[in-house]
Amino acid sequence: MAKVFRPSNRESRILSRIETSKERVRQLAIEQAKNVSEPLSNSLAMKLIEEKLIHTTSKDDIQTQIAASLEKLGRSDEFEIDYQIAPFRNLVPRPHIVSLYLTAFVVEQLIHHRSVEDIYGSDEEIYNCINHQVSRFIIQ
């Protein structure tokens with residue numbers, strides 16, 4: 001027979017604190033993304049085009065779409081965010097929530113935008129490019 005594991009009160013408190021701190025970091029990152037949406041979207045659009053991960057007819061359209069996605073991230077509840085990033089959750093070992101959300105946006109939604117001709121590179125390359133720019137603007 002398998003032993004039933006019942007965590008002690010002390011273990012429960014420690015696990016609760018860990019979960020609370022993870023959630024606090026996640027909410028702080030989303031809040032910071034909302035505050036720096038304009039410079040972050042400009043930087044992301046330029047970097048994705050420079051690294052030839054997105055082939056587009058208009059950089060401004062890409063920047064506008066990324067800024068709109070960041071605004072939507074700030075208004076979304078936890079379920080909507082988790083639903084959006086679900087296919088990419090295992091992309092990297094410890095993903096940044098904003099980078100993961102933007103990667104999912106680029107791969108699944110931005111590809112259908114009228115000014116995007118094609119998206120090149122693997123999901124991991126796109127994530128790394130986005131994460132590099134996000135880490136410049138948002139404290140992790």
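The values are calculated or read from the model by the stated rules, or taken from the named source; none is laboratory data. Predicted model, so just to flag it, every value in this text is computed and none were measured. All Cβ positions, even for glycine, are placed from backbone atoms using ideal geometry, and neighbour counts span all protein chains on display.
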Being surrounded by 15 or more Cβ atoms within 10 Å (Cβ to Cβ) and under 16 Å from residue 45 (Cβ atoms) is the requirement here; does residue 84 meet it?
no
Checked region 9-28 for anything among the hydroxyl-bearing types (Ser, Thr, Tyr) and exposed (fewer than 11 other Cβ atoms within 10 Å of the Cβ); matches are 16, 20, 21
Identify all residues within region 102-121 that are surrounded by fewer than 19 Cβ atoms within 10 Å (Cβ to Cβ) and under 12 Å from residue 88 (Cα atoms); write none if there are none.
107, 108
Could you tell me how many of the residues in region 82-112 are touching a residue at least 24 places away in the same chain (Cβ under 8 Å) and aliphatic (A, V, I, L, M)?
8
Would a scan of region 29-45 turn up a residue that is part of a helix (DSSP H, G or I), of a type in the set (A, V, I, L, M, F, W, C) and either without any contact (Cβ under 8 Å) to a residue 12 or more places away in the chain or exposed (fewer than 11 other Cβ atoms within 10 Å of the Cβ) (or both)?
no
Restricting the search to region 79-97, which residues are assigned to a helix (DSSP H, G or I) and under 19 Å from residue 121 (Cβ atoms)?
85, 87, 88
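Look through region 98-116, keep the residues that are touching a strand residue (DSSP E or B) at 6+ places or on another chain (Cβ under 9 Å) and outside any loop (DSSP other than H, G, I, E, B), and return whichever of them is farthest from residue 61 (Cα to Cα).
That would be 107.
Test of understanding: among 54, 49, which residue is modelled with pLDDT under 95, surrounded by fewer than 19 Cβ atoms within 10 Å (Cβ to Cβ) and among the β-branched types (Val, Ile, Thr)?
Only one candidate qualifies: 49.
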Being over 20 Å from residue 23 (Cα atoms) and touching a residue at least 24 places away in the same chain (Cβ under 8 Å) is the filter; apply it to region 57-81 and report the residue that is surrounded by the fewest Cβ atoms within 10 Å (Cβ to Cβ).
57
Give the residue that is farthest from residue 96 (Cα to Cα), with candidates limited to residues of region 1-28 that are of a type in the set (A, V, I, L, M, F, W, C) and either assigned to a helix (DSSP H, G or I) or modelled with pLDDT of 90 or more (or both).
14
